[in-house]
1. Name the one entry in Ile5, Ile30, Ile34, Ile92 that is modelled with pLDDT of 70 or more and touching a helix residue (DSSP H, G or I) at 6+ places or on another chain (Cβ under 6 Å).
2. Just checking, which of Gly17, Gly52 is modelled with pLDDT of 75 or more and either acidic (Asp, Glu) or not in a loop (DSSP other than H, G, I, E, B) (or both)?
3. Across the stretch 55-89, what is the total count of residues that are at pLDDT 80 or above and touching an Asp or Glu at 6+ places or on another chain (Cβ under 6 Å)?
Amino acid sequence: MIDFIISNCDLLSANWGKTGNWKSLVIVCILSPITYLFFGLLNPKIELGLAGSLLVNLLIVMGTVLVGRFYFHEILTATHLVGLFFAFVAIILLST
């Protein structure tokens, strides 16, 4: 759920940057703090710890890539895929 909201915030901020639609920016400014606050409050309750943070970060990256691919019709090249692989490795290494 949190990942979905964060990915939507990425989508809306990209939409604002691309179209200049201020409504998108306002929604991002409202949702982002609420989402991160919710994650911070939820984390100790269900003991996500590092594994949960790792999962959240990986899902955010995957969600953002999917938004770019299907909403903005971006094409992922081999260089992009290698960069994403290194991003996943970096998130895993930094979370351990």
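The values are calculated or read from the model by the stated rules, or taken from the named source; none is laboratory data. What you are looking at is a predicted structure, and each value in this text was computed from that prediction instead of being measured. All Cβ positions, glycine included, derive from the backbone under ideal geometry; neighbour counts span all protein chains shown.
1. Numbers: Ile30 fails: touching a helix residue (DSSP H, G or I) at 6+ places or on another chain (Cβ under 6 Å); Ile34 fails: touching a helix residue (DSSP H, G or I) at 6+ places or on another chain (Cβ under 6 Å); Ile92 fails: touching a helix residue (DSSP H, G or I) at 6+ places or on another chain (Cβ under 6 Å).
Matching residue, one of Ile5, Ile30, Ile34, Ile92: Ile5.
2. Details: Gly52 fails: modelled with pLDDT of 75 or more.
Every option except Gly17 fails the conditions.
3. Adding up the residues that qualify gives 0.
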